[in-house]
Amino acid sequence: TFLESLISDPDFIAGRITTSFIEERPSLFDNRMPADRGTKLLTYLAGITVNQPHGPQRTERSAREKLPHLPEDVLRAEPPAGSRQQLLDLGPEGWARALRERTSVAVTDTTFRDAHQSLLATRVRTRDMLHVGPYVAHMLPQLLSVEAWGGATYDVALRFLLEDPWERLAKLHEAMPNLPIQMLLRGRNTVGYTPYPLSVTNAFVAEAARTGVDVFRIFDALNNVDQMRPAIEAVRETDHAVAEAALCYTGNMLSPGEQLYTLDYYLRLAEQLVEAGAHVLAIKDMAGLLRAPAAAQLVRALRERFDLPVHLHTHDTAGGQLATLVAAIDAGVDAVDVAAASMAGTTSQVSMSALVAATDGTDRATGLDLDAVMDLEPYWEAIRRLYGPFESGLAGPTGRVYTHEIPGGQLSNLRQQAIALGLGDRFEAIEDMYAAANGILGNIVKVTPSSKVVGDLALALVGAGADPAAFEADPQKFDIPDSVIGFLNGDLGTPPGGWPEPFRTKALEGRRTKPVETELSAEDEQALADEPRMTLNRLLFPGPTKEFVAARDTFSDLSVLNTREFLHGLAVGEEHEVQMDKGKTLLLGLTAIGDADARGMRNVMVTINGQMRTIEVRDEA
Ligand code: 3PY
Ligand code: ZN
């Protein structure tokens, strides 16, 4: 009650009461809903409404209405036992053996991670995943796993979605308890862009496995197994998780001109991964360069040589990767990655419906129900429209990937970066420069973070109007991005083809940086043990974590907002309903936005459960 609140208020107790005391504490008058929380949400919404960082709202009201109608009690019941129960029963070795022995091809759904990372700048919010999660658990219980975490999702959650990635993981695990959650781990770089101390890898893997990751797909951006070994070992130390070690595919294996990335190269790499303790081998074709005949040869050779199951990941950038999947399936591949059709194609994965249709009626049929797979497509289509402002603008497939080799996730990003730098209409020049930069740096494997190094160099050279040959001959005459210097300095390890000399020595002259930190302070070690999640957030992404913590404090937990409001704010004449915890509902409305005053501030008149409030917002325009 009002009185109880008043007498327990620290300022009241201390006698610090001024005339504004009551005005500053509107929550004292409202026990239906702490107005404080409402005001915090409105502070966020008013800022978005005035400044429209993602443009005006254009989408329909609710993606949720597109979900198939399943009776409530079906959704409330436990979903059918799935691959996760099998993992808990058999352990990772047994689970991998069963995967290798089964006839049907196993399927991983990447819609919750790679698909939106590669199409929508990783922007899909936890809320939109949680609505569909239980449907996936009930309707697609035959899935091998759901890739839903890691890669760029961690960084983007903190930086742009103002979400704690750990909360996302815990909730997804709860929403899909029958399906293993799979994550993408960048070896020593975990989910970041540079290597971190070993204790960070260990704490990260342990906490992720504890919170809900069952399958860790581990790769290194230069295919350096030493950089992957600590993560593989950390996964093997967890009580149940699977270590899936990836060989990153690049170049053109069957081309007579391919000197470096040959079948022999991949087999030697796989041998090291098996020795390092992998449970499953993955072929990670991040740019979609693996052609059907090469896929058949590579899969056959890997399965002949090793007892581990082989899991194929590709991107459909050039448009033909269903052929690659089918060739791999005919050659015996054990599992493949696909995404919901409306979130598939181009820089994303192949469509799940297309794969199911292509294999149904054969002895390798997936076991997934094509109708169930299709029934989930309208939801993801509506989600895709909701996140329209983050579309990369790639209207269709592009064969140019066979020469520039830009990974799917990066291609969409690079287009946005190019637009931001005013180079949007010169994207072909950036693609060509990317290929040239790759050549200058020694024809490296390009995947986060090595792909960022090549992309940074390409943007810098195009921006400076530089001739790549002139740059290669005399790099001292040019500004070189920090990421490129770090790479040449060896921060990410040694590239498969060795260092490009004399370019490297010339470029590094007078620019060498000190080696990256490999030890944590005693305080950080203690913090990792005491409070692993917040400490990992801070160690991996210090700046974004600080901003995230400040945003939580100022705006409260924004996950209660629908994405439409989260991205575009409030609209005059519309009632915005916000479901809070414990069944409470907030009704928010926008009455008017005042003109900017001399300081550039606008008054935003809003209502909260019918009561008027005014919130002052800086107009950033
Ligand atoms: C990532 O590291 O985020 C990737 O998706 C690499 O393909
Ligand atoms: Zn990928």
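The values are calculated or read from the model by the stated rules, or taken from the named source; none is laboratory data. Everything quoted here is computed from the prediction, not taken from an experiment. Counting neighbours? That spans all protein chains shown, and the Cβs are built from the backbone with ideal geometry, glycine included. Protein only, heavy atoms only, side chains kept; ligands, DNA and RNA dropped before computing areas. Shrake-Rupley method; radii C 1.70, N 1.55, O 1.52, S 1.80 Å.
Annotations
- Histogram of C-alpha separations across segment 131-288, 10 Å bin width, %: 11, 37, 33, 15, 3
- Contour excess over end-to-end distance, with Cα ends at T403 and F478 and 0.36 nm allotted per residue: 24.5 nm
- For the chain, calculated [θ]222 nm from helices alone, where every DSSP H run of n ≥ 4 adds -39500 (n - 2.57): -12500 deg cm²/dmol
- Partner lysines whose Cα lies under 21 Å from the Cα of K477, excluding those fewer than 8 positions away in the same chain, are identified as K506.
- Linear extension gain, R102 paired with M605, 0.36 nm per residue minus alpha-carbon span: 174.9 nm
- Protein accessible area in segment 199-246, 1.4 Å probe - carbon and sulfur %: 36 percent
- For the chain, the longest principal axis of the alpha carbon atoms and the long axis of helix 427-440 meet at an angle near 50°.
- Accessible carbon and sulfur surface of segment 366-484 relative to its total accessible area, %, 1.4 Å: 50 percent
- Alpha-carbon centroids, segment 278-352 and segment 190-227: separation in whole Å: 23 Å
- Straight-distance crosslink candidates among aspartates and glutamates, where the alpha carbon sits under 17 Å from K582 and sequence neighbours closer than 8 are dropped: D30, D36, D557
- Fully extended contour minus Cα-Cα distance, from E575 to E65, at 0.36 nm per residue: 181.8 nm
- Applying the Karplus relation 6.51 cos²θ - 1.76 cosθ + 1.60 with θ = phi - 60° to segment 85-99 yields 3J(HN,Hα) values of 4, 4, 5, 5, 6, 9, x, x, 5, x, 5, 5, 5, 4, 5 Hz, where x marks Gly and Pro.
- Spin-label model, R512 to D619: label points 7 Å out along the Cα-to-beta-carbon direction sit 5.6 nm apart.
- Relative packing of peptides 329-338, 305-314, 99-108 - highest average C-beta neighbours within 10 Å first: 329-338, 305-314, 99-108
- Over the chain, the reciprocal of the mean inverse Cα-Cα separation, the Kirkwood hydrodynamic radius, stands at 26.0 Å.
- More than 16 angstrom apart: percent of Cα pairs within segment 316-413: 59 percent
- About its Cα centre, segment 495-621 has a charge dipole of approximately 380 debye under the convention of +1 per Lys or Arg Cβ and -1 per Asp or Glu Cβ, with nothing else charged.
- Modelled this way, with points 7 Å down the Cα-to-C-beta line, the labels at A598 and A81 are 7.5 nm from one another.
- Cross-link reach list, lysines versus K452, counting only Cα pairs under 18 Å and skipping chain neighbours closer than eight places: K284
- Only Lys, Arg (+1) and Asp, Glu (-1) charged, at Cβ; segment 446-490 dipole about Cα centre in debye: 180 debye
- C-alpha long axis of helix 377-386 to longest principal axis of the chain, angle in °: 60 degrees
- Accessible surface ranking that places the most exposed of L260, L386 first, with a 1.4 angstrom probe: L260, L386
- Considering only segment 532-609, percent of DSSP beta bridges that pair antiparallel, nearest 5: 90 percent
- Cα shape, segment 479-600, gyration tensor, a/c 1.5 rule: prolate
- When peptides 173-185, 132-144 are ranked by their average number of other Cβ atoms within 10 Å per residue, the highest-first order is 173-185, 132-144.
- Label zone at T494 (point 7 Å along Cα-to-Cβ), backbone N below 15 Å, segment 214-246: 222-227
- Each Lys and Arg Cβ is given +1 and each Asp and Glu Cβ -1; about its Cα centre, the chain then shows a dipole of about 540 debye.
- Nonpolar atom fraction for segment 41-163, defined as the carbon and sulfur part of the 1.4 Å probe accessible area, stands at 49 percent.
- Accessible surface for V549 stands near 70 Å², nearest 10, in the context of the full protein assembly shown (1.4 Å probe).
- Shape call, segment 465-522: gyration tensor on alpha carbons, a/c limit 1.5: prolate
- The residues of the chain have, on average, 40 Å² of accessible surface per residue, using a 1.4 Å probe with all protein chains present.
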